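Asker: Supplied in structure tokens, the structure appears directly below.
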Amino acid sequence: MSLQADPASLPRLLTGIPVHGAMDLKEHVAIHGEAPFAKRRERRGAGTLIDLVEQAGLLGRGGAAFPAAAKMRAVVGAGRSRIGVRPIVLANAAEGEPASLKDRVLLEGLPHLVLDGGVLAARAVGADELILCIDESAGPALQSATSAIRERERTGGDALKVSIQPVPVGYVSGQESALVNLCSGGPAKPTLTPPMPFQRGVRRRPTLINNAETLAHLALIARYGPQWFRQLGTQAHPGSTLLTLSGAVTHPGVYEIEYGAPLASLIEAAGGTSTPIRAALLGGYAGTWFDGAAISTLALSNDHLAPHDASLGAGIAVLLSQETCPVAETSRVTRWLAGQSAGQCGPCVHGLGAIAGAIEEFAAGTASAETGQRTVRWASQVKGRGACRHPDGVVGFVTSALDVFAEEFADHARHGPCDACSRARELPLPMPIELATAA
Ligand SMILES: Cc1cc2nc3c(=O)[nH]c(=O)nc-3n(C[C@H](O)[C@H](O)[C@H](O)COP(=O)(O)O)c2cc1C
Ligand code: SF4
């Protein structure tokens, strides 16, 4: 059944995704039809796409859920104010978050959907260049994207320059100003803003940066319309989203869900939990912990999560089992996150290092009565003080761990490491890291 005929069904983005390799252009067009605004005579109307995106209420899937149409309008406005300067579009598939896989799955299997979205966004904002920024360690995604670009060139091309920028592995490499820096010939490190990328981005040109999944949704909205898009999801958070589910679940992987779906139903669809659950992390390593007992009450949309000061981030849920030690897990991930600082802002470099050290004291059993209060105080001093939001994310992760795992932290402070401290770690990290232990 076509997506149009049954607008409330799933999957949408993942329709027809091959088990291995990439969907080719012919099959992509057979499923979704030709991309609109592609023919020369239609291109002038591409600006109306921004209205469609606005009516759809499309929010960015890169973490901050920023309204996609507002960003596009800002780029159009900046482009108009600088005669002769054409904007650039970046598709962000850097996916620096270790618990996320959705962008590489999308690009690996459905590169033409992302390319359609990028090309359409470029037409809508008047850009003449599209750069796919892809995690350099995501070999199959890089291959699929490269082949898809060649395939499109062989069939006439998209009338704009399309290229790939491999992005060095790193938590902050996918932050938007880091990508601007990288694509302008510098290192993948965030820079001070303003100017914002929409004002002065890659090679000083107005730059639209969207997550790869955001662009894939845009490709479907352009074809099926905003009413279709809103048939799923909530009023405030419409549509479907990709969500990477990992940890203590029978079938971890990337799922497409309707915003507002219960977390419990997603876990059920993934074959259930593989072992009793201590807690769930929503939103990844800039996200929020929830006690395992709360899982049955949680719905997966930012409007449902906002009262808990939480969000889905880039669409991430990790289930932590009761087998592992949450203090040791928090310690290991916090030290890694502190090490991901781009080393440019004092509060980020020193503050995150100090917070990681305090959590390590808990894990090692050397924390004093004041260590918890000190950590919370440092966290409040670091928040909002970086050039990018990396410190804010780490602080959220740590303070919610201190809250949800309060008993375990208190227990470690009193009695030192527990039996579970030495068990295999569950939270994913790209590289092994030595845990600091008591001297
Ligand atoms: C530390 C940090 C890391 C980020 N990493 C990514 C990333 O890997 N991929 C991504 O799409 N957005 C990432 N973002 C968000 C981007 O800065 C930007 O907001 C996003 O790409 C915009 O796309 P969207 O509006 O479609 O969500 C990161 C932000 C921060 C603060
Ligand atoms: S806040 Fe941290 S990660 Fe962000 S730019 Fe400053 S030093 Fe780099």
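The values are calculated or read from the model by the stated rules, or taken from the named source; none is laboratory data. If you're wondering where the values come from, they're calculated on a predicted model, not measured in any experiment. Cβ: placed from backbone, ideal geometry, glycine included. Neighbour counts: every protein chain shown.
Asker: Out of all the residues in the range 49-59, is one or more within 10 Å of ligand 1 (Cβ to nearest atom), in a helix (DSSP H, G or I) and either of a type in the set (Asp, Glu) or within 13 Å of Leu218 (Cα to Cα) (or both)?
Answerer: Looking only at the range 49-59, we keep the residues that are within 10 Å of ligand 1 (Cβ to nearest atom), and these are 58-59.
Now narrow it down to the ones that are in a helix (DSSP H, G or I): none.
No: zero hits.
Asker: Contact list please: Cβ distance under 7 Å, first residue in the range 374-385 and assigned by TED's automatic domain parsing to the domain that holds Gly357, second residue exposed (fewer than 15 other Cβ atoms within 10 Å of the Cβ) and among the aromatic types (Phe, Trp, Tyr), pairs at least six apart or on different chains.
Answerer: The qualifying pairs do not exist here.
Asker: State yes or no: is Gln381 under 26 Å from Met196 (Cα atoms) and more than 16 Å from ligand 1 (Cβ to nearest atom)?
Answerer: Numbers: under 26 Å from Met196 (Cα atoms): yes; more than 16 Å from ligand 1 (Cβ to nearest atom): yes.
Yes; evaluated as a whole, the condition is true for this residue.
Asker: Looking only at the range 194-211, which residues are touching a Cys at 6+ places or on another chain (Cβ under 9 Å) and more than 10 Å from ligand 1 (Cβ to nearest atom)?
Answerer: Step one: of the range 194-211, the residues touching a Cys at 6+ places or on another chain (Cβ under 9 Å) are 201-203, 207, 209.
Answer for the range 194-211, where residues must be touching a Cys at 6+ places or on another chain (Cβ under 9 Å) and more than 10 Å from ligand 1 (Cβ to nearest atom): Gly201, Val202, Arg203, Thr207.
Asker: Next question. Identify, from the list Arg12, Arg82, the residue that is in contact (Cβ under 8 Å) with a residue 24 or more places away in the chain, touching a strand residue (DSSP E or B) at 6+ places or on another chain (Cβ under 8 Å) and more than 16 Å from ligand 1 (Cβ to nearest atom). Steps first, answer last, please.
Answerer: Numbers: Arg82 fails: touching a strand residue (DSSP E or B) at 6+ places or on another chain (Cβ under 8 Å).
Exactly one of Arg12, Arg82 is in contact (Cβ under 8 Å) with a residue 24 or more places away in the chain, touching a strand residue (DSSP E or B) at 6+ places or on another chain (Cβ under 8 Å) and more than 16 Å from ligand 1 (Cβ to nearest atom), namely Arg12.
Asker: Would you mind telling me which numbered condition in (1) closer than 22 Å to His32 by Cβ; (2) crowded, with 22+ Cβ neighbours inside 10 Å; (3) of a type in the set (A, V, I, L, M) Ala94 fails?
Answerer: Status for Ala94: all satisfied but (1).
Asker: Right, next: How many residues does the range 150-167 hold that are of a type outside the set (Lys, Arg) and modelled with pLDDT of 95 or more?
Answerer: Residues meeting the conditions: 7.
Asker: Okay, next question. I'm trying to understand the selection: among the residues of the range 320-362, which are modelled with pLDDT under 95, surrounded by fewer than 19 Cβ atoms within 10 Å (Cβ to Cβ) and of a type in the set (Gly, Ala, Ser)?
Answerer: Gly343, Gly346, listed by residue number.
Asker: So how many residues does the range 173-189 have that are crowded, with 24+ Cβ neighbours inside 10 Å and part of a loop (DSSP other than H, G, I, E, B)?
Answerer: Adding up the residues that qualify gives 4.
Asker: Next up: Checking Leu3 against (1) closer than 27 Å to Gly284 by Cα; (2) buried (at least 17 other Cβ atoms within 10 Å of the Cβ), only one condition comes out false. Which one?
Answerer: All conditions are met except number (1).
Asker: Please state which one of Leu243, Leu179 is within 15 Å of ligand 1 (Cβ to nearest atom) and in contact with a Lys or Arg (Cβ under 9 Å, 6 or more places away or on another chain). Full working, then the answer.
Answerer: Working: Leu179 fails: in contact with a Lys or Arg (Cβ under 9 Å, 6 or more places away or on another chain).
Step by step, each of Leu243, Leu179 is checked, and only Leu243 is within 15 Å of ligand 1 (Cβ to nearest atom) and in contact with a Lys or Arg (Cβ under 9 Å, 6 or more places away or on another chain).
Asker: Name the residue that is nearest to Ala99 (Cα to Cα), counting only residues in the range 150-172 that are among the β-branched types (Val, Ile, Thr) and buried (at least 20 other Cβ atoms within 10 Å of the Cβ).
Answerer: Val172
Asker: Mind checking which pairs have a first residue in the range 245-266 that is in contact (Cβ under 8 Å) with a residue 60 or more places away in the chain and assigned by TED's automatic domain parsing to the domain that holds Leu305 and a second that is in a strand (DSSP E or B) and β-branched (Val, Ile, Thr), Cβ under 7 Å, 6 or more apart or different chains?
Answerer: Ser246/Val318; Gly247/Val318; Ala248/Thr273; Ala248/Ile277; Val249/Thr273; Val254/Thr244; Ile257/Thr241
Asker: Next question, about the same structure. Could you run through the range 76-128 and say how many residues are touching a Pro at 6+ places or on another chain (Cβ under 7 Å), at pLDDT 95 or above and farther than 18 Å from Gly60 by Cβ?
Answerer: Going through the range 76-128 one residue at a time, the tally reaches 4.
Asker: Among the residues of the range 252-303, count how many are more than 12 Å from Ile316 (Cα to Cα) and in a loop (DSSP other than H, G, I, E, B).
Answerer: 10
Asker: Further, regarding this structure: Tell me, please, whether a residue that is in a helix (DSSP H, G or I), buried (at least 20 other Cβ atoms within 10 Å of the Cβ), touching a Lys or Arg at 6+ places or on another chain (Cβ under 9 Å) and not small (Gly, Ala, Ser) can be found in the range 375-390. Let's see the steps before the verdict.
Answerer: Residues of the range 375-390 that are in a helix (DSSP H, G or I), as a first pass: 375-382, 390.
So of that shortlist, the ones also buried (at least 20 other Cβ atoms within 10 Å of the Cβ) come out as 375, 378-379, 382, 390.
Now drop any that are not touching a Lys or Arg at 6+ places or on another chain (Cβ under 9 Å), which leaves none.
No, the conditions are met nowhere in the range 375-390.
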